[in-house]
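**Student:** Structure in structure tokens, see below.
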Amino acid sequence: MILKVFKSDVDNERFRYFPNLKRYINDLKDDRTDHKCLQKLFVNIIESTVWQFSTRFAKFRELEDTVKFVKFPDSIKMDELNLQMFSWIDMDDFEIQLIEFQSSSIWKQKYVDLRVDLENIERERLEMKVTKRNAENEVLRTWNTIPENYVCLKNLATALLTMFSSTYACESLFSIMNFVKSRNRSSMTDETSAACISLNVTKYKPDVKSLSSVMQQQKSH
């Protein structure tokens, strides 16, 4: 983890990643006590951050192998999956569908091609090349092409892809809900509220000109 590298850097007084800290400490050479106090302060901050990350993302670490299912459904083994959090999945159906899926060269090839595409997208990103392709969209597009015969596999992939990595998304959604369904809109139905919330959070950008061009204008009487 990068934070452990930072901690070692400060502990050993190399300061390769903290040039400003190095310059400041060099100005404190005459005061070794202040030097050590400042160094200890930075180490404590890094250690606290490491602890917070390890605590907050403990559940994700438990699912580390399971998350690989999204990109490796063609090769992952059933005993490598931790499905305790997904008790709503019919395990018998899931296991049979996984076996059938991995026996199909057609569907397996889709994920071989997906991983190649993701590698190319990452390479383009690192080389700062302009590209319209998005890794998330490629993953979603591939899973959307899988037939409903493998619905249990698709449900697990959907659950993993929509898992929140922080509370930010939830908190933002509740703020939008409070704004949409205020006390002045108390008569709104659940369906209308859900539609308004979806419009607020979606990243989809409709082609308004194209849509409006096929609509018939309503003339006044």
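**Student:** Compute the long axis of helix 32-56 from its Cα atoms, compare it with the longest principal axis of the Cα atoms of the chain, and write down the angle in degrees, 0 to 90, nearest 10.
**Tutor:** Rounded to the nearest ten degrees, it is 20.
**Student:** To check my understanding: the extent here is largest minus smallest coordinate of the Cα atoms along each principal axis. What are those three numbers for the stretch 1-120, in Å, largest first?
**Tutor:** Principal-axis extents of the Cα atoms in the stretch 1-120, largest first: 72, 34, 16 Å.
**Student:** If you don't mind, another one. Quick one: net charge around Tyr150, please, counting Lys, Arg +1 and Asp, Glu -1 for every other residue with C-beta under 15 Å from its C-beta. Could you put the intermediate results ahead of the total?
**Tutor:** Details: positive: Lys108, Lys110, Lys154; negative: Asp74, Asp90, Asp92, Asp93, Glu95, Glu100, Glu148.
Taking every Cβ under 15 Å from that of Tyr150, the sum is -4.
**Student:** Accessible area, 1.4 Å probe, largest first: how do Leu173, Leu83, Leu126 sort?
**Tutor:** Descending accessible area places them as Leu126, Leu173, Leu83.
**Student:** Just tell me which lysines come within less than 29 Å, Cα to Cα, of Lys22; anything on the same chain fewer than 8 places away is out.
**Tutor:** List returned: Lys4, Lys7, Lys36, Lys40.
**Student:** Between 0 and 90 degrees, rounded to the nearest ten: what's the tilt of helix 190-201 against the longest Cα principal axis of the chain?
**Tutor:** Once rounded, the angle reads 50 degrees.
**Student:** For the stretch 42-146, please report how many Lys pairs fall under 16 Å Cα to Cα, leaving out neighbours fewer than 8 apart on the same chain.
**Tutor:** Details: Lys59/Lys68; Lys68/Lys77; Lys68/Lys108; Lys68/Lys110; Lys71/Lys108; Lys71/Lys110; Lys77/Lys108.
So the count of such lysine pairs works out to 7.
**Student:** Could you please report the charge total around Val43, scoring K, R as +1 and D, E as -1 over all other residues with beta-carbon less than 12 angstrom from its beta-carbon?
**Tutor:** That works out to 0.
**Student:** Okay, moving on. Cross-link candidates for Lys181: which lysines have Cα within less than 26 Å, leaving aside residues fewer than 8 places away along the same chain?
**Tutor:** Lys203, Lys205
**Student:** Which Cα, out of Asn178, Leu81, Tyr24, lies furthest along the positive dipole direction of the chain (beta carbon charges, K/R +1, D/E -1)?
**Tutor:** The residue sitting farthest along the positive end of the dipole is Tyr24.
**Student:** Cα axis of helix 168-180 to longest principal axis of the chain: angle in degrees, 0 to 90, nearest 10?
**Tutor:** 50 degrees
**Student:** From Cα coordinates alone, what are the radius of gyration and Dmax values for the stretch 106-214 in angstrom?
**Tutor:** 18.8, 54
**Student:** Sticking with this structure for a sec: What residue among Arg61, Arg125, Arg141 shows peak mean-square fluctuation when the chain is described by a Gaussian network model with Cα springs under 10 Å?
**Tutor:** Maximum among the listed residues: Arg125.
**Student:** I've got another one for you. For every other residue with a beta carbon closer than 13 angstrom to the beta carbon of Leu81, add +1 if it is Lys or Arg and -1 if Asp or Glu, then tell me the sum.
**Tutor:** Local charge sum for Leu81: -4.
**Student:** Here's a follow-up. With point charges of +1 on the Cβ of Lys and Arg and -1 on the Cβ of Asp and Glu, referenced to the Cα centre of the chain, which listed residue (Val116, Ile46, Val208) lies farthest in the positive direction of the dipole?
**Tutor:** The residue sitting farthest along the positive end of the dipole is Val208.
**Student:** May I ask for the Kirkwood hydrodynamic radius of the chain, worked out over all distinct Cα pairs and given in angstroms to one decimal?
**Tutor:** On the way: mean 1/r = 0.0433 Å⁻¹.
Kirkwood radius, the chain: 23.1 Å.
**Student:** Here's something else I'd like to know. Rg (Å, one decimal) plus Dmax (Å, integer) for the alpha carbons of the stretch 50-159?
**Tutor:** Rg then Dmax for the stretch 50-159, in Å: 15.7, 46.
**Student:** May I ask for the Rg/Rh ratio of the stretch 27-84, computed from Cα atoms with Rh as the Kirkwood radius, given to two decimals?
**Tutor:** 1.41
The values are calculated or read from the model by the stated rules, or taken from the named source; none is laboratory data. All figures in this text were calculated on a predicted structure; none of them were measured in a lab. Reconstructed Cβ throughout: ideal geometry from the backbone, glycine too, with neighbour counts over all protein chains shown. Ligands, DNA and RNA are excluded from the accessible area calculation, which covers all protein heavy atoms including side chains. Shrake-Rupley method; radii C 1.70, N 1.55, O 1.52, S 1.80 Å.
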